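Here the structure is laid out as C-alpha cells; the discussion comes afterwards.
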Amino acid sequence: MSPVRVRLRRAAVEAYLARRNWTKSQLAGRTGIHRSHLSDLLAGRKSAGPHVRQRLLETLDASFDDLFEIVSPKA
C-alpha cells in the first residue's frame, strides 16, 4: 500500500493571502519556510510535512481542511 499525500490547496492559500494583503514571499517569511519550498508546495511538486503544515495553519489561522487535501496515490 502506498502512502497518501497531503497537498496544499493553492487557491485556498491565495485567498487567505488576498484577505491579508500578503505576498507569497511574506507568507514564506512569516512561516520560516523557504520561498522556493513554498512555491513547490503550491505547485504540488512537494508534499507538506507535519511541521510545515502546522506553521501554515498557525500563520494563516486556518483549519486543516481549509488549506490541505488528502490525495491517494495513483493506482
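Bear in mind these aren't lab numbers, they're just calculated from the coordinates by the rules spelled out. All figures in this text were calculated on a predicted structure; none of them were measured in a lab. All Cβ positions, glycine included, derive from the backbone under ideal geometry; neighbour counts span all protein chains shown.
Before moving on, here are some points about what is shown:
- Selected residue [of a type in the set (A, V, I, L, M, F, W, C), out of contact with any Leu (no Cβ under 9 Å at 6 or more places or on another chain) and assigned to a helix (DSSP H, G or I)] from ALA12, ALA28, ALA18: ALA18
- In the stretch 18-54, residue nearest to VAL71 (Cα to Cα) [restricted to those that are aliphatic (A, V, I, L, M) and touching a Lys or Arg at 6+ places or on another chain (Cβ under 7 Å)]: LEU42
- Residue tally, condition in contact with a strand residue (DSSP E or B) (Cβ under 7 Å, 6 or more places away or on another chain), part of a helix (DSSP H, G or I) and not charged (D, E, K, R), over the stretch 31-75: 3
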